[in-house]
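Participant: Once you've had a glance at the structure underneath, I'll fire off some questions.
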Amino acid sequence: MSFEEMWAALLPVGRDGATGGYHRFAWTPPELECRAWFADEARRRGLPVEHDTNGNMVAWWYPDGGGRGDAVLTGSHLDSVPGGGAFDGPLGVVSAFAAVDLLRERGARLRRPIGIAAFAEEEGARFGVACLGSRLLTGAIDPVRARALTDADGRTFAEVMHNAGLDPQAIGPDEDLLGRVGCHVELHVEQGRALRGPVGVASAIVPHGRWRFDFHGEGNHAGTTLLGDRRDPMLPFAGMVLAAREAARRNGTVATVGKVRVEPGGVNAIASSVTAWLDARGPADDAVRRTVAEVDEAARAAARAHRVGVDLAEESYTEIVDLDLALRDRVRDAAEGVLDGGVPVLPTGAGHDAGILSARVPAAMLFVRNPTGISHAPAESAETADCLAGVEALTGVLADLACG
């Protein structure tokens, strides 16, 4: 199947007809349908699919003469954020299959295996920890902690894995799989407007993390409780949101509160508790840490003023990732060799499985231009011509790394 045919087949899965946004959360029916699509595409090409203990999938193309080590891994993820765009994740998976097709059509002979990966729970939309599948694979998260993670309905990660036919006691580092991977190259839609040409290469992934603030107040009647008698957690929560904006401005970072849970959630009731998640990112680790510390200080001061308790927990953090320089340059050179014009090198403020894997294997990233600059939303986009340029660039990279 062509890139366009594969893309058309995957496009409707998990799409909200009213908003155009996607809801493909890990191990929910839409994401399971995406997994089935992945298995079908691999089967169509005669590629065996490996399911690791952490829910990640890899479709393998092996050299005719055998050999399963020093593989070139590519691909991305199939899950989405709530109401997300079509391209974030799936573009890298579809492009990887399309690149393998082009290599075969052109008679390429492998000297190293190529693996097409679909990593589990990259967005962290269901269990709160981004890149969960690759974190487990590389040992970047404690399996005990991972098993206890819960979704919005209170289901644990262990329970969901068990229901999906996986053994939650077996999750964790997979040294056999990692030992067979020589490098990883992930293609991804750009998530900003820095890219002027159709394709770019990543230099680094900036520091980023997620923190949970829990405000504990006292539920009461909205109409009969005097203002002076209230212990309303919504007030220090509101102060925390405003403090995040100011702390980010002072420190040259970005900070976002995009998820909040209010209990009990009644219009005519003062909230008893508020849980809010802070996403903070920036050019340097100390700037991000300083931003979070200032937000925490402001939240605690506001909580004291309103007689409310507050707790802070770090759910995930990734320090600055400088992607492998030698591999980056080789990827850029290979991409430039098949495209007209230069391929710029640029950093990214978004987290990726490539950043997690880079702690264990050399990793690099290709970006495809996003003309809107919007991501994690329905307006996320990429022109077909740019996507095809991305496929050509990835094909050139895989040819250089696995066939050269």
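Participant: Let me check against my output: what whole-number percent is the relative contact order of region 277-381, with C-alpha pairs under 8 Å and at least 6 apart? Please list the in-between numbers first.
Facilitator: Numbers: 56 pairs, mean separation 21.8, N = 105.
Relative contact order of region 277-381: 21 percent.
Participant: What ranking of D88, D286 comes out by heavy-atom accessible area, probe 1.4 Å, highest first?
Facilitator: Details: D88 10, D286 90 Å².
If we order D88, D286 from most to least accessible, we get D286, D88.
Participant: Counting heavy atoms of the protein chains only and a 1.4 Å probe, report the per residue accessible area for the chain as a whole number of Å².
Facilitator: Values: 16490 Å² over 404 residues.
Roughly 41 Å² per residue, with all protein chains present.
Participant: Can you tell which of P63, G46, W7 lies farthest toward the positive end of the dipole of region 1-127, using +1 and -1 charges on the Cβ of basic and acidic side chains (Lys, Arg; Asp, Glu)?
Facilitator: P63
Participant: Here is a follow-up. To the nearest 500 deg cm²/dmol, what mean residue ellipticity at 222 nm is calculated for the chain from DSSP H runs of n ≥ 4 alone, each contributing -39,500 (n - 2.57), summed and divided by the residues? List each step's numbers first, then the result.
Facilitator: Values: 12 runs with 138 residues, N = 404.
So the calculated ellipticity at 222 nm is -10500 deg cm²/dmol.
Participant: Under unit Cβ charges (Lys, Arg +1; Asp, Glu -1), what dipole magnitude, rounded to 20 debye, does region 78-224 have relative to its Cα centre? Numbers along the way, then the final one.
Facilitator: On the way: 15 positive and 19 negative charges, 144 e Å.
That gives a dipole near 700 debye.
Participant: Go ahead and run the numbers for FRET between R304 and E50, Cβ-Cβ distance against an R0 of 41 Å, rounding to 0.05.
Facilitator: Values: r = 53 Å, r/R0 = 1.30.
E between R304 and E50, to the nearest 0.05, is 0.15.
Participant: Still on this model: Nearest 10 degrees, 0 to 90: what angle lies between the long axis of helix 325-338 and the longest principal axis of the chain (Cα atoms)?
Facilitator: The answer is roughly 60 degrees.
Participant: Expressed in nm to one decimal, what extension gain is obtained for the pair T372 and A222 from 0.36 nm per residue of sequence separation less their Cα-Cα distance?
Facilitator: Numbers: separation 150, 0.36 × 150 = 54.00 nm, distance 4.30 nm.
Length gained, T372 through A222: 49.7 nm.
Participant: Scattering from the C-alpha atoms of region 328-404 alone, worked out with Debye: what is log10 I(q)/I(0) at q = 0.22 1/Å?
Facilitator: Each listed q corresponds, in turn, to -1.17.
Participant: While we're looking at this one, here's another question. Between R111 and A152, what is the spin-label point distance in nm, taking each point 7 Å from the Cα along the Cα→C-beta axis?
Facilitator: 5.1
Participant: On the accessible surface of region 283-404, probed at 1.4 Å, how many percent belong to carbon and sulfur atoms? If you can, show how the numbers build up before the last one.
Facilitator: Values: 2570 of 5070 Å².
Summing carbon and sulfur atoms, their accessible area is 51 percent of the total for region 283-404.
Participant: Leaving ligands, DNA and RNA out of it, report the carbon-plus-sulfur percent of the accessible area of region 1-149 at a 1.4 Å probe.
Facilitator: C and S atoms contribute 54 percent here.
Participant: Using the Cα centre as the reference, give the magnitude of the dipole from point charges on the C-beta atoms of region 139-287 (Lys, Arg: +1; Asp, Glu: -1; all else neutral), rounded to the nearest 20 debye. All intermediate terms of the calculation are to be shown ahead of the outcome.
Facilitator: Details: 16 positive and 19 negative charges, 131 e Å.
That gives region 139-287 a dipole magnitude of about 620 debye.
Participant: What percent do you get for the relative contact order of the chain when only Cα pairs under 8 Å and 6+ apart count?
Facilitator: Working: 917 pairs, mean separation 88.2, N = 404.
Averaging sequence separation for qualifying contacts and normalising by length gives 22 percent for the chain.
Participant: Given bins 5 angstrom wide, list per bin the percent of all Cα-Cα distances in region 158-207, short to long.
Facilitator: 4, 13, 15, 11, 12, 15, 14, 10, 5, 0
Participant: Can I ask one more? Report the antiparallel proportion of the DSSP beta bridges in the chain as a percent, rounded to a multiple of 5.
Facilitator: Numbers: 45 of 63 bridges.
Once the DSSP bridges in the chain are tallied, antiparallel ones form about 70 percent.
Participant: Compute the length gained on full extension between L178 and E314: take 0.36 nm times their separation in residues and subtract their Cα-Cα distance, giving the result in nm to one decimal.
Facilitator: Values: separation 136, 0.36 × 136 = 48.96 nm, distance 2.72 nm.
Stretched fully, the L178-E314 segment lengthens by 46.2 nm.
Participant: For region 51-163, which semi-axes, largest first and in whole Å, follow from the square roots of 5 times the eigenvalues of its Cα gyration tensor? Could the numbers behind the result be given before it?
Facilitator: Details: eigenvalues 190, 58, 17 Å².
Semi-axis lengths for region 51-163 are 31, 17, 9 Å.
Participant: Here's another thing I want to ask about it. In nm, to one decimal, how far is the T28 label point from the A9 one, both placed 7 Å along Cα→Cβ?
Facilitator: 2.4
Participant: Which parts of region 28-57 would a label at Q169 reach, counting a residue when its backbone N lies under 18 Å from a point 7 Å out along Cα-to-Cβ?
Facilitator: Taking a point 7 Å out along Cα→Cβ of Q169, the residues of region 28-57 whose backbone N falls under 18 Å are 53-55.
Participant: Ratio to report: Rg/Rh of region 166-255, with Cα atoms as the point set and Rh obtained by the Kirkwood method; give two decimals. Can you show the working numbers first?
Facilitator: On the way: Rg = 23.2 Å, Rh = 19.5 Å.
In region 166-255, Rg relative to Rh is 1.19.
Participant: Place a +1 charge on the Cβ of each Lys and Arg in the chain and a -1 charge on the Cβ of each Asp and Glu, then give the dipole magnitude about the Cα centre in debye, rounded to the nearest 20. Could the numbers behind the result be given before it?
Facilitator: Numbers: 40 positive and 56 negative charges, 98 e Å.
The calculation lands at about 460 debye.
Participant: Also, quick follow-up: In square angstrom, rounded to the nearest 10, how much accessible surface does V343 have for a 1.4 Å probe?
Facilitator: Solvent-accessible area, nearest 10 Å²: 10 Å².
Participant: Counting only the heavy atoms of the protein chains, how much of V260 is accessible to a 1.4 Å probe, in Å² to the nearest 10?
Facilitator: Taking all protein chains as shown, V260 has close to 80 Å².
Participant: Further question on the same structure: Obtain the radius of gyration and the Kirkwood radius of region 221-362 from its C-alpha atoms and give Rg over Rh. Could the numbers behind the result be given before it?
Facilitator: On the way: Rg = 21.4 Å, Rh = 18.3 Å.
Across region 221-362, the Cα-based Rg/Rh ratio is 1.17.
Participant: Find, among the trypsin sites (Lys or Arg not before Pro) in region 276-317, those assigned to loop by DSSP (not H, G, I, E, B) with at most 14 other beta-carbon atoms within 10 angstrom.
Facilitator: On the way: sites: R281, R289, R290, R300, R304, R307; in loops: R307.
When the trypsin sites (Lys or Arg not before Pro) of region 276-317 are filtered for loop state and at most 14 Cβ neighbours within 10 Å, R307 remain.
Participant: Let me ask something additional. Find out how many positive minus negative residues lie around V260, taking Lys and Arg as positive, Asp and Glu as negative, among other residues whose Cβ is under 14 Å from that of V260.
Facilitator: Numbers: positive: R210, R212, K259, R261; negative: D214, E263, D279.
It works out to a net charge of +1.
Participant: Right, another one. Along the charge dipole of region 225-330, which of L327, V292, V262 sits closest to the positive end, that is, farthest toward it, with unit charges on the beta carbon of Lys, Arg, Asp and Glu (+1, +1, -1, -1)?
Facilitator: The residue sitting farthest along the positive end of the dipole is V262.
Participant: With axes computed from alpha carbons, what is the tilt in degrees of helix 285-305 against the longest principal axis of the chain, rounded to the nearest 10 within 0 to 90?
Facilitator: Approximately 20 degrees, to the nearest ten.
Participant: Still on this structure, I have one more. Roughly what angle does helix 384-398 make with the longest principal axis of the chain, taking Cα atoms, 0 to 90 degrees, to the nearest 10?
Facilitator: Computed tilt is about 60 degrees.
Participant: Just the Cα atoms of the chain: what Rg and Dmax do they give in Å?
Facilitator: In Å, with Rg to one decimal and Dmax whole: 22.3, 80.
The values are calculated or read from the model by the stated rules, or taken from the named source; none is laboratory data. A quick note: this is a predicted structure, and the numbers were derived from the prediction, not measured. Glycine also receives a Cβ, built like all others from the backbone with ideal geometry; neighbour counts cover every protein chain displayed. Just the protein is used for accessible areas: all its heavy atoms, side chains included, with ligands, DNA and RNA removed. Shrake-Rupley method; radii C 1.70, N 1.55, O 1.52, S 1.80 Å.
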